[in-house]
C-alpha cells in the first residue's frame, strides 16, 4: 500500500510511490534519522535523511524490490534499534 497522487500519471512518475517510512525515534539535528522506501515504476529507491528537515539526504536506486529492502534493513541496523514505522495516508 502506498500514497497515491491522484490520477495524474506525470505527477506520480516524478514523485514516486511511498511504500514505507521509518524514523529512528529521536529528535534534534544531530540525532534524527529518517528512511523511505519508494517506487518509481519498476525502480525502487531507498532514501535516507540525517538531521531532520533540511538534513543531509542520500538515495540509492535498485531494479529489484528484494535488494532495496535489504538496503533498507542494512541502514536500520547500522543506525540503532529504536526504529519506528511511520504510518501515512
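The values are calculated or read from the model by the stated rules, or taken from the named source; none is laboratory data. Computed from a predicted model, the values in this text were never measured in an experiment. So basically every Cβ, Gly included, is an ideal-geometry build from the backbone, and we count neighbours across all protein chains shown.
Within the range 38-89, being free of Cβ contacts under 8 Å to residues at least 12 places away in the same chain, under 18 Å from residue 26 (Cβ atoms) and under 13 Å from the mean Cα position of the chain (by Cα) holds for one residue alone: 57. Residues that are surrounded by fewer than 17 Cβ atoms within 10 Å (Cβ to Cβ) and modelled with pLDDT of 95 or more within the range 43-57 comprise just one, 43. Residues in the range 35-89 that are at positive phi and in contact with a helix residue (DSSP H, G or I) (Cβ under 8 Å, 6 or more places away or on another chain): 41 only.
Once the range 14-25 is narrowed to residues that are at pLDDT 90 or above and assigned to a loop (DSSP other than H, G, I, E, B), the residue that is surrounded by the most Cβ atoms within 10 Å (Cβ to Cβ) is 24.
The number of residues in the range 26-50 being more than 23 Å from residue 87 (Cβ to Cβ) and either assigned to a strand (DSSP E or B) or in contact with a strand residue (DSSP E or B) (Cβ under 8 Å, 6 or more places away or on another chain) (or both) comes to 1. May I ask you to verify whether residue 70 is at pLDDT below 90 and surrounded by 12 or more Cβ atoms within 10 Å (Cβ to Cβ)? Criteria not met by residue 70.
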